[in-house]
Amino acid sequence: MAALGKIRSKGVILICVIGFALFAFIAEELFRSCDSARNESRQQVGEVLGDKVNVQDYQKLVDEYTNVLKMTQGRENLTDQELNQVKDVVWNTFVQNEIVGKEAEKLGLKVTDKELQNVLTTGTNQMLLQTPFINQQTGRFDANMLKKFLADYKQAQTTNPQLASQYQSIYNFWTFVEKSLRQQLLVQKYQVLLAGCLLSNPVSAKMAYNDENQESNIQLASFAYSSINDKDVKVAESDLKAKYEELKPRFKQYEETRSIKYVDFQVVPSTADRTALNKLINEYTQTLKTTEDPTDVVRKSGSSISYTGIPQTKAAFPSDIASRLDSLSVGETSQPVENKRDNTINVIKLISKTSLPDSVQFRAIQVAGATADAASKTADSIYTALQAGGDFETIAKKYGQTGEKTWITSAQYQNAPTIDADSKAYLEALNNLGVNETRNIKLTQGNIILQVTDRKALTTKYVAAVIKKSIEFSKDTYSAAYNKFSQYVSENQTLEALQKNASKYGYKVQERSDIRNSEHYVANISSTREALKWIYEADENAVSPLYECGNNDHLLVIVLTKINKKGYRTLEDNSVKSYVESEVIKDKKAEKLIAKANGIKNIAGAKSKGAQVTDVNQVTFAAPVFVQATGASEPALSGAVAATAKGKFSAQPVKGNAGVYLFQVTNKQSRSTKYVEKDYEQRQRQKVMQYVGNFMQDLYINADVKDNRYLFF
């Protein structure tokens, strides 16, 4: 009881202790939840229709499409610019498919297996023509070839895993094509359904025919807005506000953007750098002139073009090198030449110039043995048998090979960065053997019996040693540039200071408006991902850190000048105000010119008031007339002319885009174009379809798409 009493006496303290403990427990769970939510948000590249898009899922789609491009184009890698294009294509396609998919689901639209099979059977879809399943005789997609491949792939998975692995890339390619076809068909269905809601009729068709074919010839009197000086037009704030409200829908912004001012400095080689490089190149040039084998000279020079010693067509060389090959004689070494386009210094030594086939058909028998001597002995006996009239394919089958004929072209080997001695001997034989000539070639791992069976497209081939070296800045040059730029940034931490002192350091402050987070580069400078992230995380008027970017040759500092939120841009926005002001000035000039033109009854009267008079022919309602005197297209003028009878003078002045106009209709006539009602109805349907062609943009806006890929570029 005494203990219980003691506990009760400390009741308030215990309640506080327990309360703090409970709060700590709840707070810990809350912080864990917040951390989890933050980590999850960091993994999201965007959002479509409220559904979040995980970065791993997006990257998987990017990798899938990248592999497809590599396979269809026969390439190992894509450039950074190409990879950025892939990312954009994948994102836009994904968003479209998600949006259309949801709309189709509401309408009950779907693509059936039978519809897909019909597309495969027809075989004319462009996507199918990019697959390996093309019948070489018809040049069309062959569904039977696809079925056989899928069956072979399925069987190989259980009976021959190694073969299945070889088939995997083609199988992955096909699954991508099949998925893309289904998505394409669904979008087409949706578009067809939408198009079915758009109708035409004989009345609108006849009107369209008349609008296109009823022509008017006029005498036109033009009062150009440019005839009034802008300084003579007074614009009040109330005028701007009224015009802004009238034009407000034009200023709606559907995504948040950023406006910046920035200083970008590109580091370039100094005079000392160029002098040192020229000295080095001259040394390599002298060595190249006297050496018999230029392999080591080219390698030591760091040339971007390796030397293989194999005859190559001009296509194997860069265009600036290829254009100079014929100006050199065999054995001659050129003087160093600077190419400003790719910023390199170039030296060429022409080793040989010969006429060789671009395509060679051949067959071969590979000969191996327990030892090199054993292989050589077997190869000698095969070669002797062939020389005695033995059948090539029969002998090849005896050694487990087909001996079938194969074509090889220059393009298949001449761009290789290196060629080993065996490959060089092999290719030299292919290039130089005559038709039906056979050779026994000794290689490191054995022998090969090679027979050329056909040669085509004799062309000039060159063996040339090329030193192509970039003109680069030195570490000292970059260090000096960096220190100077760093001092400029550290001493000027406001926009006003950066602008005031830029010229003192030899820099220039530039401006860029409306940067979107879907862009890959800031100010078209590569490797600016971190700068873009900063732009979308900074506050207005903040000054960025110094960024080293580009190809390690740019120094960049940024000031975030404006955050342009979604919604309507206000009149305070400089670009909006400038546009509104120009429209107000145009309206006020129009008022003055209309007042001047009122009461004029004929062309002579207009001319006496200072109008420029010209003849304009073939004016139709369907097309805006172009007025040479004002340099503008004027749809309102076309409408007014169409409504005025032959011989009549315009009832009132016409306010246009670039001036005020009066006119006299001198003639009206119809073109001798035959009216075909069905054709014009179809054209009207197509025209209406164009008007609603932005349906995808409307769906995109309504889907509230969020694109945060800039966080992962």
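The values are calculated or read from the model by the stated rules, or taken from the named source; none is laboratory data. Keep in mind that this is a model prediction, so the values were computed, not measured. All Cβ positions, glycine included, derive from the backbone under ideal geometry; neighbour counts span all protein chains shown. For accessibility, only protein heavy atoms count, side chains too; no ligands or nucleic acids. Shrake-Rupley method; radii C 1.70, N 1.55, O 1.52, S 1.80 Å.
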### Query
Does the stretch 513-543 hold any residues that are hydroxyl-bearing (Ser, Thr, Tyr), touching a residue at least 24 places away in the same chain (Cβ under 8 Å) and in a loop (DSSP other than H, G, I, E, B), and which are they?
SER518, SER526, SER527, THR528, TYR536
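For every residue, the table says whether it meets (1) open to solvent by 50 Å² or more (accessible area, probe 1.4 Å); (2) more than 17 Å from ASP679 (Cα to Cα); (3) in contact (Cβ under 8 Å) with a residue 60 or more places away in the chain; (4) not in a helix (DSSP H, G or I).
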residue: LYS179; (1), (2), (3), (4): yes, yes, no, no
residue: GLN183; (1), (2), (3), (4): yes, yes, yes, no
residue: LYS189; (1), (2), (3), (4): yes, yes, yes, no
residue: VAL192; (1), (2), (3), (4): yes, yes, no, no
residue: LEU199; (1), (2), (3), (4): yes, no, yes, yes
residue: SER204; (1), (2), (3), (4): no, no, yes, no
residue: GLU212; (1), (2), (3), (4): yes, no, yes, no
residue: SER216; (1), (2), (3), (4): no, yes, yes, yes
residue: GLN219; (1), (2), (3), (4): yes, yes, yes, yes
### Query
Going through the stretch 655-688 one residue at a time, which ones are under 23 Å from GLU215 (Cβ atoms), within 44 Å of the chain's Cα centre (by Cα) and in a strand (DSSP E or B)?
GLY659
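Quick one: which residue in ALA497, ALA481, ALA502, ALA464 is open to solvent by less than 70 Å² (accessible area, probe 1.4 Å), small (Gly, Ala, Ser) and part of a strand (DSSP E or B)? Write out each step before concluding.
Working: ALA497 fails: part of a strand (DSSP E or B); ALA481 fails: part of a strand (DSSP E or B); ALA502 fails: part of a strand (DSSP E or B).
Exactly one of ALA497, ALA481, ALA502, ALA464 is open to solvent by less than 70 Å² (accessible area, probe 1.4 Å), small (Gly, Ala, Ser) and part of a strand (DSSP E or B), namely ALA464.
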### Query
Looking at this structure, is GLN401 farther than 29 Å from ARG75 by Cβ, outside any helix (DSSP H, G or I) and modelled with pLDDT under 85?
yes
### Task
Show the residue pairs that are 6+ apart or on different chains and have beta-carbon atoms under 7 Å apart, the first residue being within the stretch 140-166 and within 14 Å of LEU128 (Cα to Cα), the second being outside any loop (DSSP other than H, G, I, E, B) and open to solvent by 50 Å² or more (accessible area, probe 1.4 Å).
PHE141/LEU129; ALA143/THR121
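For the stretch 73-82, which positions are in a helix (DSSP H, G or I), open to solvent by 60 Å² or more (accessible area, probe 1.4 Å) and either touching a helix residue (DSSP H, G or I) at 6+ places or on another chain (Cβ under 9 Å) or under 24 Å from ILE170 (Cβ atoms) (or both)? Reasoning before the result, please.
Of the residues in the stretch 73-82, the ones in a helix (DSSP H, G or I) are 73, 80-82.
Of the ones still in play, those that are also open to solvent by 60 Å² or more (accessible area, probe 1.4 Å) are 73, 80-81.
Of everything in the stretch 73-82, just one residue is in a helix (DSSP H, G or I), open to solvent by 60 Å² or more (accessible area, probe 1.4 Å) and either touching a helix residue (DSSP H, G or I) at 6+ places or on another chain (Cβ under 9 Å) or under 24 Å from ILE170 (Cβ atoms) (or both), namely GLN73.
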### Single unsatisfied condition, GLN510 versus (1) loosely packed, with under 15 Cβ neighbours inside 10 Å; (2) outside any strand (DSSP E or B)
(2)
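May I ask you to say which residue of THR570, THR614 is among the β-branched types (Val, Ile, Thr), loosely packed, with under 15 Cβ neighbours inside 10 Å and closer than 30 Å to GLU540 by Cβ? So that I can check it myself, show each step before the final result.
On the way: THR614 fails: closer than 30 Å to GLU540 by Cβ.
Matching residue, one of THR570, THR614: THR570.
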### Query
Any chance the stretch 600-607 includes a residue that's at pLDDT below 95, over 29 Å from PHE649 (Cβ atoms) and in a loop (DSSP other than H, G, I, E, B)?
no
### Query
Residues of the stretch 133-149 being modelled with pLDDT of 85 or more and either in contact with a Cys (Cβ under 9 Å, 6 or more places away or on another chain) or exposed (fewer than 13 other Cβ atoms within 10 Å of the Cβ) (or both), which ones?
ASN144, LYS147, LYS148
### Message
Looking at the structure I just gave you, is ILE382 touching a residue at least 60 places away in the same chain (Cβ under 8 Å), on the phi < 0 side of the Ramachandran plot and either surrounded by 12 or more Cβ atoms within 10 Å (Cβ to Cβ) or out of contact with any strand residue (DSSP E or B) (no Cβ under 6 Å at 6 or more places or on another chain) (or both)?
### Response
yes
